[in-house]
1. Filter segment 97-112 for residues that are at pLDDT 85 or above and either of a type in the set (A, V, I, L, M, F, W, C) or part of a strand (DSSP E or B) (or both) and give the result.
2. How many residues does segment 75-96 contain that are touching a helix residue (DSSP H, G or I) at 6+ places or on another chain (Cβ under 8 Å) and part of a loop (DSSP other than H, G, I, E, B)?
3. May I ask you to list the residues in segment 128-144 that are crowded, with 17+ Cβ neighbours inside 10 Å and not polar (S, T, N, Q)?
4. Just for segment 41-74: of the residues that are open to solvent by less than 50 Å² (accessible area, probe 1.4 Å) and in a helix (DSSP H, G or I), which one is nearest to D137 (Cα to Cα)?
5. Checking the conditions here, which among L5, L35 is of a type in the set (A, V, I, L, M) and either within 28 Å of V151 (Cα to Cα) or touching a residue at least 12 places away in the same chain (Cβ under 8 Å) (or both)?
6. Can you name every residue in segment 75-90 that is closer than 17 Å to A43 by Cβ and either open to solvent by less than 60 Å² (accessible area, probe 1.4 Å) or of a type in the set (F, W, Y) (or both)?
Amino acid sequence: MIVALSQSSVRNAVKELNRYRESLPSRLDRALEMLAEIGVTAAQGSVRMSEIDVAAAIRFEKAGEHCYLIISDDERAAFTEFGTGVAGEGTYPGELPPEWGYDLRWTPAAHDPAQPEKWYYYDDQGRRRSTWGQMADAYMLTGSEVMRQTVRAAFEEAFRR
């Protein structure tokens, strides 16, 4: 195979390379935005149906140059993600934040001796309620795993010519 190079073909190649180089920041930003969208969709899809308000509060926002945050800002987000009480302890498959703890309330005032794992509390209207807590949903962890699995595809799409 014979390849002929001319000054004009080299100049055109340099122009093309410069255009591509100038497009790199926007391509990177697009790849990151696509990953954020994928993460939000995956997290929303893995929230249990009883927590539909939590799913609706998951979103992403641009936090700086080439930086996106996926945010779950419902007031029950952490409880849904990590679980609570006796039912939740040990059910989160990831690493818990250092400050997270499961309130087991092993006190006579909070527990019936016949059912020590059941926790009693008073709601806003002063009615006595009971719960064992809830298992971890790990919906944000699921979103991050899906993002990790799709990084290559997102970057390939964003950087495709």
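1. Residue satisfying the conditions is W100 alone.
2. 5
3. Passing the criteria: G133, M135, A136, D137, A138, Y139, M140, L141, G143.
4. S46
5. Working: L5 fails: either within 28 Å of V151 (Cα to Cα) or touching a residue at least 12 places away in the same chain (Cβ under 8 Å) (or both).
From the options L5, L35, the qualifying one is L35.
6. Listed by number, the residues that qualify are A77, A78, F79, T80, E81, F82, G83.
Okay, residues lined up against (1) at pLDDT below 90; (2) within 14 Å of the chain's Cα centre (by Cα):
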position	(1), (2)
S6	yes, no
R19	no, no
A42	no, yes
S50	yes, no
E61	no, yes
Y68	no, yes
T91	no, no
A114	yes, no
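The values are calculated or read from the model by the stated rules, or taken from the named source; none is laboratory data. Remember, it's a predicted structure, so these values are computed and weren't measured experimentally. Backbone-built Cβ (ideal geometry, glycine too); neighbour counts: all protein chains shown. The area values use the complete protein model at the heavy-atom level, side chains included, leaving out ligands, DNA and RNA. Shrake-Rupley method; radii C 1.70, N 1.55, O 1.52, S 1.80 Å.
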